[in-house]
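Asker: Starting off with a structure, shown below.
The values are calculated or read from the model by the stated rules, or taken from the named source; none is laboratory data. On a predicted model such as this, the values are computed, not experimentally measured, just so you know. When we count neighbours, we look across all protein chains shown, and the Cβ atoms used for this are built from the backbone with ideal geometry, even at glycine.
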Amino acid sequence: MQIKRIIVLFTVLALLMTLTTSAYASSRLQSATPGIVGVWHTSIKIEALPEAFQGLWSFSGDGNFLDTNSYHEANPGVWIGSGNTYVLTFWGFLFDEKGQANGKGRVTLLIHMDDADHFTADGETDSFDLDGNVVKGQFDGPVHLTGERMQIELPQLKTAP
């Protein structure tokens, strides 16, 4: 009789541990459908520009964003959303021919996740002078872009001869 009680006790304890561990793990793991958090290779086409350009976009889990692009810019912003739809706003400085800041540019985008590793986005770019007044800028207008999630790549180790 004593052995039967010990077996029942251990079975109940094992079930409680399993349930507790499962509940904790499900609250701590990322969802089965990855969201936008991560780093993305982007191709950006602003209607006013003749050619698309490239960017590396970082979406942090706390709602912060950073664009680094082939124009040698680093532009911070913020995002919200979940599932397949996100909204992004980011700003960058505009410069004159002498390299002096003479304004700011704002980009607002609606992003749609095509699948876990690809998104498309459409939005607008607007320019402002340093006092916050709307001005006409060379980057103003509709913008369309695509993004592909950056993947882990194993190093190709070279062996010594």
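Asker: Which one is surrounded by the most Cβ atoms within 10 Å (Cβ to Cβ), of the residues in the stretch 103-131 that are small (Gly, Ala, Ser) and closer than 23 Å to Gly83 by Cβ?
Answerer: Going through the qualifying residues, I end up with Ala121.
Asker: In this structure, is Phe59 crowded, with 18+ Cβ neighbours inside 10 Å and in contact with a Lys or Arg (Cβ under 8 Å, 6 or more places away or on another chain)?
Answerer: Spelling it out, it is not the case that Phe59 is crowded, with 18+ Cβ neighbours inside 10 Å and in contact with a Lys or Arg (Cβ under 8 Å, 6 or more places away or on another chain).
Asker: Can you name every residue in the stretch 57-86 that is more than 14 Å from Ile36 (Cβ to Cβ) and part of a strand (DSSP E or B)?
Answerer: Thr68, Asn69, Ala74, Asn75, Pro76
Asker: Right, here's the next one. I'm checking my understanding of the structure. Among residues of the stretch 132-151 that are of a type in the set (D, E, K, R) and under 20 Å from Leu88 (Cα atoms), which one is surrounded by the fewest Cβ atoms within 10 Å (Cβ to Cβ)?
Answerer: Per the criteria, the residue is Glu148.
Asker: Separate question: Name the pairs: first residue in the stretch 65-86 and within 12 Å of Gly105 (Cβ to Cβ), second residue modelled with pLDDT under 95 and surrounded by fewer than 16 Cβ atoms within 10 Å (Cβ to Cβ), Cβ to Cβ under 6 Å, at least 6 apart or on different chains?
Answerer: none
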